[in-house]
Amino acid sequence: MNLLPENYKRRLFWLVSRVCFTGYRAFPIFGSLRASIAIIHKNQRFLVIRRNDGRGLSLPGGLAGWKEAEESTLRREVQEETGLRVTTVRFKARYESKVDVPCIISVFEVEATGEVKDSWEGSPCWMTIPELEGELLKSQRPTLELMKTISAQSPHLNG
């Protein structure tokens, strides 16, 4: 049973997101947080989330729970945000960002199966690098060069 209509869930996510980011930016009591993000691509397009908090586009992923392993965070967040089940994971990079909140971000190239669906956090969509460049969260922009490399190495398929 769905207790809240979708539009209320999206508004609630906007509120929770804004309060948490503003609060942690002012009082980073746990130091740098840990996050994992997924680069999922096919046919020269990348899966991104159009966030319901109005902050723009993000790669699927999110913050790690207490003592949660990077790969576990990745698998959980990808499924929560996109409905996809991660099948293959390749670690690509790790970097520190202080753009939104202090965070150490682990980046993985991922293959996943299933049907893409919306979540309270946003709507997944497939975009080319030029389409997403201007809207990708500033904290995730260091991944753009890696995405360009992955795109250049992938076969160009129609679709």
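The values are calculated or read from the model by the stated rules, or taken from the named source; none is laboratory data. What you see is a predicted model; the values in this text were computed from it and never measured. With ideal geometry, Cβ positions are generated from the backbone for all residues, glycine too; neighbour counts draw on all protein chains shown.
Quick notes on this one:
- Filtered residues of segment 91-128 (kept if assigned to a loop (DSSP other than H, G, I, E, B), under 19 Å from R55 (Cβ atoms) and either out of contact with any Lys or Arg (no Cβ under 8 Å at 6 or more places or on another chain) or of a type in the set (S, T, Y) (or both)): K98, P102, D118
- Check on G134, within 30 Å of Y8 (Cα to Cα) and either touching a Pro at 6+ places or on another chain (Cβ under 8 Å) or not in a strand (DSSP E or B) (or both): yes
- Taken over segment 64-90, the criterion of being part of a strand (DSSP E or B) and either in contact with a Ser or Thr (Cβ under 9 Å, 6 or more places away or on another chain) or surrounded by 13 or more Cβ atoms within 10 Å (Cβ to Cβ) (or both) is satisfied by R85, V86, T87, V89.
- L4, sole failed condition from (1) among the hydrophobic types (A, V, I, L, M, F, W, C); (2) in contact with a helix residue (DSSP H, G or I) (Cβ under 8 Å, 6 or more places away or on another chain); (3) at pLDDT 80 or above: (3)
- Number of positions in segment 63-115 that are under 25 Å from E145 (Cα atoms), touching a helix residue (DSSP H, G or I) at 6+ places or on another chain (Cβ under 9 Å) and in contact (Cβ under 8 Å) with a residue 24 or more places away in the chain: 20
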